[in-house]
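Asks: Below is a structure I'd like to ask you about.
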Amino acid sequence: MDNATLALDPAWSGQIRFQAETPANVRAEHLSKITLGGQPVVENTQVTLTPVGSTGCTLTRAHFAGMLKMIDDSVGAILQQLETHGLADHTIVIFASDNGGQLQSVWGSAPSEWFDANGILRGGKQESYEGGLRVPMIVRWPGKTPAGGTSDHPLYFADFMPTFCELLGTPPPSYTDGISFLPTLEGRPQDQRPHAFVYWCHQWSSLDHAVRSGKWKAVKRGNNPLELYDLESDLRETTNVAAANPDR
């Protein structure tokens, strides 16, 4: 997308996916621009990424930073094309990730850990803690979504379809349990219908589950006992309060 040329219909919609996982995804011109704290990222000792079932691949800190630079440049190219075609003020741009950063304990190596991709959050990709599930989402919708605003409304990707259906004036499919977050996009939080609960299930080395309802989040990892966390007071998920809240 560095030299993005888009022929867009006025009613066009689509998803553009950027993969930042292997050295093959990064170009030399992006690696050459990488610095951290004003210094070049030169710690290029090869490390091996060998998740279960994978033949493995190599990653370096510079490769990881280069891939992030590539994504940044590519998003900029898309936004520039929207401006060029006169579509910027009539287009909703949503930027989000599918999961949190990788952890060395799970993946064998994790440049994202060195770059502190998950911040204070516990866990990461392939886990049911907030470091694996909670990701940022950025929305640009000129004249509709208030610039510089933030929202703490919990949503997940199943909410996208009913949101777009509402924008198009058509009912969503009956099989989705997603809820439109159009009121949130338009800066009308008082009109936003919340989820009674949000559920995640993931099969990796074990079958993991997580359920969130309001401030409460339950985590069940394989055959381990149920864990319960109060995300309002314990976003790091450090204190399991299941025993003290049996009615939750």
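For (1) of a type in the set (Ser, Thr, Tyr); (2) more than 19 Å from the chain's Cα centre (by Cα), each residue gets a yes or a no:
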residue	(1), (2)
ASP152	no, no
THR170	yes, yes
PRO173	no, yes
LYS217	no, no
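Asks: Determine, yes or no, whether LEU207 is in contact with a helix residue (DSSP H, G or I) (Cβ under 9 Å, 6 or more places away or on another chain) and of a type outside the set (Lys, Arg).
Replies: no
Asks: Report whether or not ILE179 is under 26 Å from GLY101 (Cβ atoms) and not small (Gly, Ala, Ser).
Replies: Against the criterion (under 26 Å from GLY101 (Cβ atoms) and not small (Gly, Ala, Ser)), ILE179 does not qualify.
Asks: Test PRO194 against the criterion of being in contact (Cβ under 8 Å) with a residue 40 or more places away in the chain, under 22 Å from the mean Cα position of the chain (by Cα) and under 30 Å from PRO146 (Cα atoms), and give yes or no.
Replies: In short, yes.
Asks: Okay, moving on. I'd like to check which helices (runs of 4 or more DSSP H) are fully inside region 62-170 and have at least 1 residues that are modelled with pLDDT of 90 or more and surrounded by fewer than 19 Cβ atoms within 10 Å (Cβ to Cβ).
Replies: 160-168
Asks: Let me ask something else. Kindly indicate the residue of region 128-148 that is more than 18 Å from the chain's Cα centre (by Cα) and touching a residue at least 12 places away in the same chain (Cβ under 8 Å) and also farthest from GLY100 (Cα to Cα) among those meeting that condition.
Replies: For region 128-148, the residue satisfying everything is GLY143.
The values are calculated or read from the model by the stated rules, or taken from the named source; none is laboratory data. Only a predicted model underlies this, so the values are computations on that prediction, with no experimental measurement involved. When we count neighbours, we look across all protein chains shown, and the Cβ atoms used for this are built from the backbone with ideal geometry, even at glycine.
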